[in-house]
Amino acid sequence: MLSELKEAVWKSNLDLVKSGLVILTFGNVSGIDRRRGIVAIKPSGVPYDSLKADDIVLVDLEGRVVEGWLSPSSDTPTHVELYKAFPQVGGIAHAHSEYATMFAQAGREIPCFGTTHADQFHGPVPLTRLLVEAEVVEDYERNTGKIIVERFAGVDPLELPAVLVAGHGPFAWGRTPAESVETALVLERVAKMAYGTMALDRNLAPLDRYIQEKHYLRKHGPRAYYGQKKETDHD
Ligand SMILES: [Zn+2]
């Protein structure tokens with residue numbers, strides 16, 4: 001079932017490794033078939049070099065396995081919570097990429113210091129609150145999804161397609177699994193550049209709002225004009 005989706009999720013998981021965002025078996029990518037309400041996700045703890053498209057596990061929106069012989073990623077309940085709350089999202093990537101994770105560990109959102117950031121994110125990359133002990137003891141992964149959703153109250157998840165979970169790391173998303181990996185990659189680059197920018201000037205204010213808006217809106221939304229008919233480039 002859903003062999004195309006499984007193939008896309010498998011490929012995106014390998015791309016996440018190739019991008020250098022994950023080591024060992026850390027990290028996972030999922031995708032969803034909205035019509036059927038089925039999520040395809042990496043199995044738990046399988047080394048990437050032996051991962052096959054057929055190993056990708058299918059789960060429903062209750063997190064129950066509907067196809068696959070391996071256990072799904074332990075982060076599956078987090079992904080499922082996000083798919084339920086964000087109907088526009090078609091793929092989610094999770095990696096403990098170094099710079100984005102540093103911001104998450106420091107409990108700081110990523111300010112927008114330049115147009116690289118503004119091209120991708122419509123504002124600072126948001127940070128969740130910390131989970132309280134009871135939320136960690138019971139249903140930890142589902143509660144991780146819930147605090148992300150809580151943070152996005154009134155926020156369009158496609159305008160801010162990533163989040164930093166405090167003390168943990170980033171989740172990134174997009175309309176497809178491939179797009180979620182691309183978001184994760186841009187997020188890491190933006191986090192690295194913000195870190196360096198803050199090292200050079202620790203009191204620097206974010207980029208002026210009018211430049212941020214110009215860059216975001218020329219690439220996204222009804223009045224976008226950047227690129228060819230279907231944009232793939234960034235500059
Ligand atoms: Zn994690």
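Kindly provide the set of residues from segment 179-231 that are under 13 Å from residue 118 (Cα atoms) and surrounded by fewer than 12 Cβ atoms within 10 Å (Cβ to Cβ), ordered by number.
Within segment 179-231, 208, 209, 210 qualify.
Is there a residue being among the basic types (Lys, Arg), farther than 20 Å from residue 125 by Cα and more than 16 Å from the ligand (Cβ to nearest atom) anywhere in segment 75-90? Outline the logic, then answer.
Kept after step one, since they are among the basic types (Lys, Arg), are these residues of segment 75-90: 84.
After this cut, where a residue has to be farther than 20 Å from residue 125 by Cα as well, the list is 84.
Narrowing further to those that are more than 16 Å from the ligand (Cβ to nearest atom): 84.
Scanning segment 75-90 turns up at least one residue that is among the basic types (Lys, Arg), farther than 20 Å from residue 125 by Cα and more than 16 Å from the ligand (Cβ to nearest atom).
Looking at (1) within 16 Å of the ligand (Cβ to nearest atom); (2) more than 17 Å from residue 127 (Cβ to Cβ); (3) surrounded by 21 or more Cβ atoms within 10 Å (Cβ to Cβ), which is the only condition residue 97 fails?
Every condition holds for residue 97 apart from (2).
Do we find a residue being of a type outside the set (S, T, N, Q) and within 16 Å of the ligand (Cβ to nearest atom) anywhere in segment 56-71? Break it down stepwise before answering.
Filtering segment 56-71 down to residues of a type outside the set (S, T, N, Q) leaves 56-70.
Next, from what is left, pick out any that are within 16 Å of the ligand (Cβ to nearest atom): none.
No: zero hits.
Which number in (1) assigned to a helix (DSSP H, G or I); (2) touching a residue at least 60 places away in the same chain (Cβ under 8 Å); (3) closer than 16 Å to residue 161 by Cα marks the one condition that residue 147 misses?
The number of the failed condition is (2).
Of all residues in segment 194-235, how many are assigned to a helix (DSSP H, G or I) and modelled with pLDDT under 80?
Here is the first cut: in segment 194-235, the ones assigned to a helix (DSSP H, G or I) are 194-200, 209-219.
Subsequent filtering for residues that are modelled with pLDDT under 80 retains none.
Qualifying residue count for the region: 0.
What are the residues in segment 100-141 that are charged (D, E, K, R), within 16 Å of the ligand (Cβ to nearest atom) and assigned to a loop (DSSP other than H, G, I, E, B), if any?
Taking segment 100-141 and keeping what is charged (D, E, K, R), we get 108-109, 119, 129, 133, 135, 138-139, 141.
Filter once more, keeping what is within 16 Å of the ligand (Cβ to nearest atom): 135, 139, 141.
Result: 139, single match.
The values are calculated or read from the model by the stated rules, or taken from the named source; none is laboratory data. Just so it is clear, the structure is predicted and the values come from calculations on it, not from any experiment. For neighbour counting, all protein chains shown are included, and Cβ atoms are generated from backbone atoms with ideal geometry for every residue, glycine included.
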